[in-house]
Amino acid sequence: MDKHDRSPLQKINLSDPWQLIATGFGTGMLPKMPGTFGSLAALPFCCAFVYLNLYLQLAIIVVVTVIGTIAADKTEKVLGMHDNSAIVIDEVAGMLVSCLLYPPIWYLPFFAFILFRFFDILKPWPVGTADRLLKGGFGVMFDDLLAGCWAFTVFYLGSLIYHHFVL
């Protein structure tokens, strides 16, 4: 079954807290571009996230990843398929990883959004490999965490180049 197939969504019950979390409080239920809307829903949190210290940022990423893995796993079982596009909690975790250690400037997460969506859609190695091979809630989450790592790396390399040549 295609991960973009919307017919299994009839089984979703947003009064179930795990399904509510997995669908990004319903943003994954939108008919077009649910991953993009899930990432957009994470953006206000990311704008606040950049003001937190490293330890709190890491703790939040771990908590979102653990809860997201459980929610994705439970929701996959309800849907009867792996990684339906309505499950967008993985986009939230990926966006948080993308913003890790950003300078505390509220608008910088918009760059993370662009970079994260680029790598989440493009799926360079090892993102695409993880997406194909890993199953269950962990599989749903892990490829987006890797896409977040790509976005994080490109932002920091770009920052280094900018500071070296422009400033």
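The values are calculated or read from the model by the stated rules, or taken from the named source; none is laboratory data. Note that the coordinates shown come from a computational prediction; the quantities given were computed from them, not determined experimentally. When we count neighbours, we look across all protein chains shown, and the Cβ atoms used for this are built from the backbone with ideal geometry, even at glycine. With ligands, DNA and RNA removed, areas are computed over all heavy atoms of the protein, side chains included. Shrake-Rupley method; radii C 1.70, N 1.55, O 1.52, S 1.80 Å.
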Can you tell me which residues in region 26-59 are open to solvent by 20 Å² or more (accessible area, probe 1.4 Å) and within 13 Å of the chain's Cα centre (by Cα)?
-> Thr27, Thr36, Phe37, Leu40, Ala41, Phe45
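Hey, could you check region 92-114 for residues that are under 12 Å from the mean Cα position of the chain (by Cα) and over 25 Å from Arg6 (Cβ atoms) and say which is surrounded by the most Cβ atoms within 10 Å (Cβ to Cβ)?
Within region 92-114, the first condition is being under 12 Å from the mean Cα position of the chain (by Cα), and the residues that meet it are 92-99, 112-113.
Of the ones still in play, those that are also over 25 Å from Arg6 (Cβ atoms) are 96-99, 112.
On the way: Leu96: 24, Val97: 23, Ser98: 33, Cys99: 29, Ala112: 29.
If we take residues in region 92-114 being under 12 Å from the mean Cα position of the chain (by Cα) and over 25 Å from Arg6 (Cβ atoms), then Ser98 is surrounded by the most Cβ atoms within 10 Å (Cβ to Cβ).
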Selection from region 60-86 of residues open to solvent by 30 Å² or more (accessible area, probe 1.4 Å) and touching a residue at least 60 places away in the same chain (Cβ under 8 Å) yields Thr69, Ile70, Asp73, Lys74, Val78, Gly80, His82
Residue check for Ile89: open to solvent by 10 Å² or more (accessible area, probe 1.4 Å) and free of Cβ contacts under 8 Å to residues at least 40 places away in the same chain | no
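Residue by residue through region 120-129, note down the ones that are surrounded by 14 or more Cβ atoms within 10 Å (Cβ to Cβ), over 14 Å from Leu96 (Cα atoms) and of a type outside the set (A, V, I, L, M).
Lys123, Pro126, Gly128 - these are the residues of region 120-129 that are surrounded by 14 or more Cβ atoms within 10 Å (Cβ to Cβ), over 14 Å from Leu96 (Cα atoms) and of a type outside the set (A, V, I, L, M).
Are there any helices (runs of 4 or more DSSP H) wholly within region 1-105 with 3 or more residues that are farther than 16 Å from Gly148 by Cα and of a type in the set (A, V, I, L, M, F, W, C), and if so which?
Details: elements: 17-22, 34-49, 54-79, 89-98.
So the answer is 17-22, 54-79.
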Positions within region 53-101 being in contact with a Phe, Trp or Tyr (Cβ under 7 Å, 6 or more places away or on another chain), under 23 Å from Leu9 (Cα atoms) and polar (S, T, N, Q), in sequence order = Thr69, Thr75
